[in-house]
Structure formats: structure tokens, C-alpha cells
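The values are calculated or read from the model by the stated rules, or taken from the named source; none is laboratory data. Everything numeric here is computed off the predicted structure, so don't read it as measured data. Cβ: placed from backbone, ideal geometry, glycine included. Neighbour counts: every protein chain shown. Side chains are part of the model used for accessible areas, which takes the heavy atoms of the whole protein and leaves out ligands, DNA and RNA. Shrake-Rupley method; radii C 1.70, N 1.55, O 1.52, S 1.80 Å.
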Amino acid sequence: MELYGQEPLLGELVPRLVGLTSSDRPRLVRQEHRDDPPVVVLTGQHGAGKTAALDAVQRHYTELLPLARVDLADPRAAGGEGMAAQPNTSGVVEVLERIAVGLARPVPGYRPCRFPRLLAGLFAVSSWRRGDQGQRAVAASRIGALLPLADHPGQGGEEEGEEWVAAIGGQLVANSGAALGEDDLEPVARLVVEEYVRRHAGSGGGEPVRAWYRARPQAAVEEQGDPLVRLCLDFHQGGDLLPPVEQTLVAALLEDLVDGYRGWWKRINRVPRPLVLLDDAHTTTGAAFLERLLEHRQSSATSGGTDPLIVLASLLGDGAEHYPHASRGELAELAHGTGWERRSPDKPSAGVLTLPLPALSSGDLLSMLQRTSRPGHAQLCTVVHRLTGGHPLSGRMLCEAVVAASADRSVEPEELFDLRTGGEGDGGAEEENGAAPVAERLLRRLVPVLPTRHHLMVLALARDREAAEALVAEGLTGEAPGGGTGIVDAERSRVLEAARYLEREWWTPPRGTPYAPAPSFVADPLLYALLVHETRRRSPEEQTGRQWGDLHDFLRRYHEQRGAPGDEVDALRHTLALGYAQGVVLELTRMFTEQEDVRGFLAALRHVASAPHPPSGEWRDERTDIARGSCDHRQPSADDVQRSVNRLLHALWFLDDPVREPLRELCSGIGTELDFLSLRHASGHPVLNAAASSWPTAAWEGRRPYPVEGLD
């Protein structure tokens, strides 16, 4: 898959960090930051292309240098799936295991990576309490994975790990029999360490490794026995003792790599450096692992040490919360170097370079759409870019759907969300037949948890948290809002949970796209549009209370009854979403006539016009005909002002639809109607005249909301 806008990552950044190009004929290049490489963190929202970027790096470098890839959101990689409760594992230890296994993979032209310090530590902490089968299973799995790295003659795997663990059990019985308590850990740890040293430590007998562990700042004094056994006991104890043990194990990984590459550096000045790819570094496990690594590097940089490991990670968000002292760069500026330096030597997070992944440009989207066999709709690229804001995943999926559908016919903008093609998703029934609408597949990718996705489809219709709480009570439980203290508390809890989800998954701050929805519980424009579309599409199949008409009718009544500032206009907006435009036009006309400050009318007009349209099976879309005046004859008793407001509202309503093309005729018509109205308001001529100049341009360029406050 082509990495639109991310070419500098593979063409410039990674080659200079590892010292090797990724082309078909790789060549050595000068390495940047040889004495202190940064941890490079790719940032962005869901679907920004972070995982795709790591996929591309992995695809290009897997056969060229030692490389490990870890998905930090994978439950097993994070010590989950039943392992999290076991005291002989943690997320950091699971990541270290996978990194070691990945880097030790044979690569032509490289000596295999060896990890004498790390393996000794991982074997030690994997020790189990004698009678605990869960801990024993964790130990067998990890030891089986690590045996090939320990110069073991076999192939490793769970079976050999089980044999290794069973041998320890046999020694326990032979040495102590029934006298040993079933929950004793220390005797098992001693035997595990001794067996590791005997089988795998080599001619040094484990003393160099023990000496290294004994020299660690947090190690116990020598009189307290074997430092590897003490490491195990501290690890199992957990709590405050866990982070220092994990810090020691991360240091073991890095210093093993220093030793492994030291000889190469003396003979070959530019040997390519090993690469670790970490997906979803914002997870608890990712944050903990990088914290340990950055702390070690900060300490090493102070003392003049270094390690050769290049780390490229992806992170949901902008990284500011996790790494406040990081340097921040742009991919497009990497042609001549990163410009990175450790600006705060005493801050571990200063060892990070964050790079936000760029949005797709209109040119990127156009090149995707031009893969069709016939010319497409003239405004399709504009609609896709406004709708997605250049969001890489949604832009790619929509363009792929257009290209697939264009083999048989020309695709209109309003069809975008409903194009049905096969593709990635969560394996729903429709998708198994290759018939899932692209909006459904995209929403599955962006909000993968079904209950949350289903919940947000309703909440997106609400303006604020209070309306969302009332809507949930009505639409999901069938209870009227305020039907009892227990009901109110339960709905507040569910809405609060959804709000926290949006914040945690970085769907709360708008991305600054030209298309901005009206105030909503879901603030992100793209996610809002997808949720509303799916709510509308699924409406006929939903139970009573969750259908489009039920939800908007309830919200209309809710705002009428609440009576807070702005509720009158919100009620009109939900009335329009039901398709009842005539009453809305009458009320907007009244506002125009009676309000002294015409800005209130304009603010109400633009907010009401942001209403989503009803399902097509329940409503006939005549917005363009009404905006052009073709339906004026249906209102024989209306005066000129009411007809003008009617035309203006329908033009704005159509143009505010995120999957409608910006018709120049309607954009010009907005100016015409506002000019007409400016001559019919007692004091609003300057404001309406200014709006007549600015609103048509904003409509054509897709800028929302239309300006009101600055008009004079």
C-alpha cells in the first residue's frame, strides 16, 4: 500500500537511523545520532496510518537487519489473557521476550544477537510457586520461546519448555520431597537459576552475569545471596519492587546489544543498527516499557554510554501527556536530518522525537480516485476531502470503494457512504458476503467495540451531556428521563463512560477539518458523520425508541421542555431532522421579523441548517428544487420574506450535508437571498449585507460554521 505523505519515513528517517536504505538494492548510509538515538514516536488519531507505517517499515527491513515487532495492545504481549494475574509475568517482561525473540531471528550477514544478561533475568523471574499450575504454564511458555536463544540444540517451543520446567519439578521432589511447601518460591528460583547457568551460561559459569546483576543500583547486598534469585523474589512481590526489576531487565537487553555490536563497531564503522517496532505505545504496557527504556538511556547519556537499538513506536494522540519534554518534528522536514537533540538531559522523556503523521492532501485523494477506468464525478475528490479532512484510513477506504464501484458505473457523491464492497472489518454477516457498506466497515475500524459503537450512534444526535443522558434513558431503556433516581444515575454513568471513551480514544478534540458539525456529544466531524449516517441507515431495522423519528422527536420535545438558552433553536433543528421544514421556516421567519439584532436570526439559521436529513425511505429530498424556487407555488399564502427564508434554509441545509457536492448555483443563491433580506430588516442591513458577501464563499469552500459574530 502506498504511504501517501509518509514517504520521508521510509526514504529518509529510518534509513538514517539504522544506517541502511530500504530500496531493492540496499546500501549503507551515514547514521544519525550514533551516540544517543531518539525513540521516534509516530502520533495521530485512529486511522491516521500509524500501523500502516510500521507495516511498511517491517516489510522493507525484515530481511535486511535484526528486527522485532510488538503489538502492545495484544493481550498476550501485555501479560493478559489470564496471565496478568500471575506474579511471574508483567507487560514489560512479555515485551522483552518478544523483542529478544525477534532480534535473534537469523538475518543474512549478521551474527545472531545473544542476550546472556536478559535471558538469565527472564528465566529467573519466570520461576513459579511449586503448587501453582497457572504460574507453571507461564514459565513453560516463556522458557520454550527463549530456549532457541540460549544455544539450546532443540527447536524450542512449548513442548520443550514443558520438559525444561518438568525437570525442575523432578529436582524439587528429589531434593526435598514432601518437606517442601506447595507455595514455596525461593527453592524453585534457585533451581531455575542453577539449571539455566548449568545448561546455557557457557564457560563463564554465570559469574559475569551474576556480577552484572549484583552491580545494579537496586540490587541487594552480596551477603543476601544470588542476585538472580533475589531479582525473582522482588519481581513476584510486585508493588514498589516491580519497576526496579523491570528497569534492570530493560537495561540487560540494551547492554547485551551494546556488547553484541561493540566488536562490529570496531571493525565496521557503520554496521546497520537493530530495529524494534512498537505498535500502540499509548497502552499501559507501552508506557511502562518506554518509561524503563528512556530512564536507562537518560542515565546512560549522562555517563557517556549509548546503545545501538533503534525504536520506532506508534501512539494514539499527540504524545504531549506521555512525553512532555519530547522534541516535536514534521515528516516533511526530514529531508536533511531530524534536527533532534536531547534538550533536557535530566528528563527521560527528552529522549523522544514525536512525529505526527500528515493528513492526506487533495492531490493524494485525487491520485487514488484516478485509478478508475473512466473519469469520475468532477467534485468527488472535494467531497471526500471535506468529509474526511484528509483522514488516511477513511480517505483510502472511500476511494477504494469508489474505484471498485466505478468499474460498472459513475459514482455520485451522495453514494459515498453506501458503496458496498468487500474489505477489512469485524466479520459481520454482511461483510462475509462482501456486501457491507463502506461506512459500516469504516465505523467498525474506528470504533471496534460493538456496544460502544451502538451506544454512540444514539448519543451523536444529542447536543450535550444533559441531552445525551435524557436520550439514553428514552432511546435505550424505554424510560422517560427523570423516571427515578436509580434510572437517572444509571444513565449518567453510561453517558460518562461514553464521554471518557471519546476522550481516551482521542475522538473529543476536532481535527480542524473544514467540515465542522453542529455542537454534538461527538465532536469529531468524521466520526459524527459516520455515526449519524449509520443511525439513519439502520433506523428501519431498529426497535421502537431507537428509530430515527423516535430519537429526534424525543430530542425536539426535550429541548422545548428544558427551556435553556439555545433550546428553542435546537428544537427547530430536530424538527428539521424529522423532515418538517414548513414549521421551521415559519419560526425562522418570525425570528427575522421580530429580532432587532439580526445576528440571532443568522446564528439560528446556520445551526438549524446543520440538521441531518431523514432516512430516504421516509422523506423525499427536494432541497435543491426548493432552494432554486421551483416549489414556491406550494406556498400561495406566504409572503416574499417567508419564501426567501424557505429558499435560503434549504440551500444551506443541502450544502451542509457532508456527502453533497458544493453546487455553485446554490452557493450564489445564498448571497442573493441574504441581499434580498438585507433590504427588509429594519436595522440589519449592514450585517446581512456582509453575510451576503462571506457566506457564499464559505459555502463553496466548505468552511463551517458560517461567520456571524464578526459581521457588521
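A few comments on the model shown:
- Inside the range 184-228, residues that are outside any helix (DSSP H, G or I), at pLDDT 85 or above and within 21 Å of S299 (Cβ to Cβ) make up a count of 2.
- For the range 370-382, the candidate set comprises residues that are open to solvent by less than 50 Å² (accessible area, probe 1.4 Å) and under 11 Å from C399 (Cα atoms); within that set, the residue that is farthest from the chain's Cα centre (by Cα) is T372.
- Residue match in the range 665-674 (condition: open to solvent by 30 Å² or more (accessible area, probe 1.4 Å), among the aliphatic types (A, V, I, L, M), out of contact with any Gly (no Cβ under 8 Å at 6 or more places or on another chain) and under 14 Å from V598 (Cα atoms)): no
- Qualifying position, being at negative phi, of a type in the set (G, A, S) and open to solvent by 20 Å² or more (accessible area, probe 1.4 Å), among S314, S327, S299: S299
- Flag for S344 being assigned to a loop (DSSP other than H, G, I, E, B), surrounded by fewer than 23 Cβ atoms within 10 Å (Cβ to Cβ) and not aromatic (F, W, Y): yes
- For the range 34-63, the candidate set comprises residues that are in contact (Cβ under 8 Å) with a residue 60 or more places away in the chain and part of a helix (DSSP H, G or I); within that set, the residue that is farthest from the chain's Cα centre (by Cα) is Y61.
- Some residue of the range 483-495 being open to solvent by 60 Å² or more (accessible area, probe 1.4 Å), under 22 Å from H552 (Cβ atoms), in a helix (DSSP H, G or I) and at pLDDT 90 or above: no
- Checking A332 against (1) open to solvent by less than 40 Å² (accessible area, probe 1.4 Å); (2) touching a residue at least 60 places away in the same chain (Cβ under 8 Å); (3) among the aliphatic types (A, V, I, L, M), the condition it does not meet: (1)
- Hits in the range 347-379 - residues which are under 30 Å from G286 (Cα atoms) and in a helix (DSSP H, G or I): P348, S349, A350, G351
- The residues on offer are L10, L3, and the sole one that is open to solvent by less than 30 Å² (accessible area, probe 1.4 Å), modelled with pLDDT under 95 and in a helix (DSSP H, G or I) is L10.
- Annotation note: of S683, S668, the sole residue that is touching a helix residue (DSSP H, G or I) at 6+ places or on another chain (Cβ under 8 Å), at pLDDT below 95, over 22 Å from R573 (Cβ atoms) and among the polar types (S, T, N, Q) is S683.
- Extreme residue, farthest from G710 (Cα to Cα), among residues of the range 602-622 that are assigned to a helix (DSSP H, G or I) and open to solvent by less than 30 Å² (accessible area, probe 1.4 Å): V608
- Residue check, E542 open to solvent by 10 Å² or more (accessible area, probe 1.4 Å) and out of contact with any Gly (no Cβ under 8 Å at 6 or more places or on another chain): yes
- Of the criteria (1) assigned to a helix (DSSP H, G or I); (2) among the acidic types (D, E); (3) more than 30 Å from A73 (Cα to Cα); (4) at pLDDT below 90, which one D408 fails: (1)
- Total residues in the range 623-664 satisfying the condition of being part of a helix (DSSP H, G or I) and surrounded by 15 or more Cβ atoms within 10 Å (Cβ to Cβ): the figure is 21.
- Test: residue in the range 75-89 that is part of a loop (DSSP other than H, G, I, E, B), at pLDDT 95 or above and in contact with a Leu (Cβ under 7 Å, 6 or more places away or on another chain): no
- Yes/no for H336 being over 19 Å from the mean Cα position of the chain (by Cα), at pLDDT 90 or above and either part of a loop (DSSP other than H, G, I, E, B) or of a type outside the set (S, T, N, Q) (or both): no
- The set of residues from the range 580-602 being under 19 Å from P612 (Cα atoms) and in contact with a Ser or Thr (Cβ under 8 Å, 6 or more places away or on another chain) comprises G583, V584.
- Taking helices (runs of 4 or more DSSP H) as the structural unit, those lying wholly within the range 523-591 and holding at least 3 residues that are more than 27 Å from H46 (Cα to Cα) correspond to 548-562, 567-577.
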